1. Bin width 5 Å, alpha-carbon pairs only: give the P(r) of segment 83-125 as whole percents, running from 0 to the bin holding the largest distance.
2. Just to be sure I understand the model, the point goes 7 Å from the Cα along the line to the Cβ. What's the resulting residue 170 to residue 212 distance in nm?
3. At R0 = 25 Å, how high is the FRET efficiency between residue 245 and residue 316 if r is their beta carbon distance? Nearest 0.05 is fine.
4. Starting from the Cα-Cα distance between residue 279 and residue 85, subtract it from 0.36 nm times their residue separation and give me the gain in nm to one decimal.
5. Among 249-257, 129-137, 54-62, how do they line up from the highest to the lowest mean number of other beta-carbon atoms within 10 Å?
6. Just to be sure I follow: if Rg is taken over the C-alpha atoms of segment 1-53 and Rh is the Kirkwood radius over the same atoms, what is Rg/Rh?
7. Please report, to two decimal places, log10 I(q)/I(0) for the chain at q = 0.09, 0.10, 0.11 Å⁻¹ as given by the Debye formula with identical point scatterers on the Cα atoms and no solvent.
8. How large is Rg over Rh for segment 98-186, taking Rg from the Cα atoms and Rh as the Kirkwood inverse mean of 1/r across Cα pairs?
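Every number here is computed from the coordinates shown, using simple stated rules; none is lab data. Just so it is clear, the structure is predicted and the values come from calculations on it, not from any experiment. We place every Cβ from the backbone using ideal geometry, glycine too, and count neighbours over all the protein chains shown.
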């Protein structure tokens, strides 16, 4: 699931636009490639792999260059020991210790020692859980697309990318102020009710927008935040209108956007402009049944970029009409 096939989640970043030595990129990928070595005391293990082979780190140029893009994968293995299992194992060892020592009570230091021993024991028995995040780097435009969308994963990705390539990587969002981004989504809601959702982006160029299934609105700050989620058929349009009348702004929404024969369905999170669950509806029906080859991968990336450019154009129109 991701850039190759299926639904996509997407966050955008910017790097300096500069001439890259593509062979040196491969060397840097190798220097921070995924390794099987996983110390017992470590909770996570990070590393780059090939997008076509998560077990390989053979970063020769043809393996990670697709047209004008560098595409590869960030693999993160996490050691997850269920707390219920750890607590049960500790209880067993504590009872055994008390019985062997003829004691009725165990000290705090002994409890901690038993817990650390139980962690090491379980770490040897429970394999780490792998996660895979895809990276698409358009070095000619200085844009990086990343399939991980949680704030922690994105922050960790930025650090790992910067350490690997020795260049800054900055999150991209049309506006730095989340309030302005929410105003944009709220503006889109109003536009979706006009002309059956048809929006003139520029002269002779129109798109059609529809809100689907789920809309989340919010107002206030800190402990005074008030949220409402409207979901179901037509996303509870009456409830959305009522929340808007109460001064709430749209924070997150499921959208359908169409231009010509192309169509995208996705959830847009206003605060950081992250896309989740992006469906490229105009791809061939049998795409998931065939191997995701070079051409289909580039087609999908092209459609993703086109959607993002459309959203940027709509944001520019919003700023023009709102005179921001």
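1. Per 5 Å bin, starting at zero, the Cα-Cα P(r) for segment 83-125 comes out as 5, 25, 32, 22, 11, 4, 0 percent.
2. 3.4 nm
3. 0.35
4. 66.0 nm
5. 249-257, 129-137, 54-62
6. Checking Rg against Rh, the ratio lands at 1.04.
7. Ignoring solvent entirely, the Cα scatterers give -0.62, -0.73, -0.84.
8. On the way: Rg = 23.6 Å, Rh = 18.3 Å.
When Rh is taken as the Kirkwood radius, the ratio is 1.29.
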